[in-house]
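Report on the structure given below.
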Amino acid sequence: MTAAQAFLDERRAHPRQRVFKRVKAVFNSRGSVIDCVMRDISAGGARLSCPTAAQMPDQFQLLFVAEREIRDVRVVWRSLTEFGVQFMSPPRRALHLLA
C-alpha cells in the first residue's frame with residue numbers, strides 16, 4: 001500500500017470489504033441496463049468496474065442480482081473502467097426487475 005492509499009483509507013467513513021459480485025446499473029427509466037462487477041462495498045457505498053464507467057450517468061439505480069435488491073446511488077468518483085458510488089437509499093426488494 002502506498003502512502004497515498006493509506007491516506008485515502010483513513011478518510012473513509014466506513015471500512016470496505018472486498019467482494020466480487022455481479023450487479024447491474026439501471027437508468028433511463030429502466031430502459032438502460034449495464035452489467036458491472038462490484039469490487040468492494042461498505043455501509044456507505046461501493047467500487048464498481050465496467051467497460052463504460054466513464055460514460056455512466058451521475059445517478060442511477062444499482063441492482064444487486066443475487067440479493068434481488070436495488071438501491072439509488074450517485075457517482076462520487078470515476079476512471080475509465082472503475083467508479084465509486086455512494087448509496088442514497090436503503091435496499092429495496094426488486095423481484096419485478098429480475099423476472
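The values are calculated or read from the model by the stated rules, or taken from the named source; none is laboratory data. This structure is a prediction, so every number in the text was calculated from the model and none was measured. Cβ placement follows ideal geometry from the backbone for every residue including glycine, while neighbour counts extend to all protein chains displayed.
All conditions in (1) touching a Gly at 6+ places or on another chain (Cβ under 6 Å); (2) touching a residue at least 60 places away in the same chain (Cβ under 8 Å) hold for Trp77, with the sole exception of (2). The sole residue among Pro57, Pro51, Pro91 that is more than 10 Å from the chain's Cα centre (by Cα) and within 22 Å of His14 (Cβ to Cβ) is Pro91.
Restricting attention to region 34-64, the residues that are exposed (fewer than 15 other Cβ atoms within 10 Å of the Cβ), closer than 24 Å to Arg93 by Cβ and aliphatic (A, V, I, L, M) total 2.
Listed by first and then second residue, the pairs with beta-carbon distance under 6 Å, at least 6 apart or on different chains, first residue in region 21-40 and part of a strand (DSSP E or B), second of a type in the set (S, T, N, Q) and surrounded by 16 or more Cβ atoms within 10 Å (Cβ to Cβ), are Val26/Gln61. Considering only residues that are basic (Lys, Arg) and surrounded by 13 or more Cβ atoms within 10 Å (Cβ to Cβ), look in region 17-29 and name the one that is farthest from the chain's Cα centre (by Cα). For region 17-29, the residue satisfying everything is Lys21. Checking each residue in region 50-99 for being of a type in the set (S, T, N, Q) and either closer than 17 Å to Val19 by Cα or assigned to a loop (DSSP other than H, G, I, E, B) (or both) picks out Thr52, Ser79, Thr81, Gln86, Ser89. Checked against (1) modelled with pLDDT under 95; (2) surrounded by 16 or more Cβ atoms within 10 Å (Cβ to Cβ), Phe83 passes all but a single condition, namely (1).
If you go through region 87-98 and pick out every residue that is buried (at least 16 other Cβ atoms within 10 Å of the Cβ) and within 17 Å of Gly44 (Cβ to Cβ), you end up with 1.
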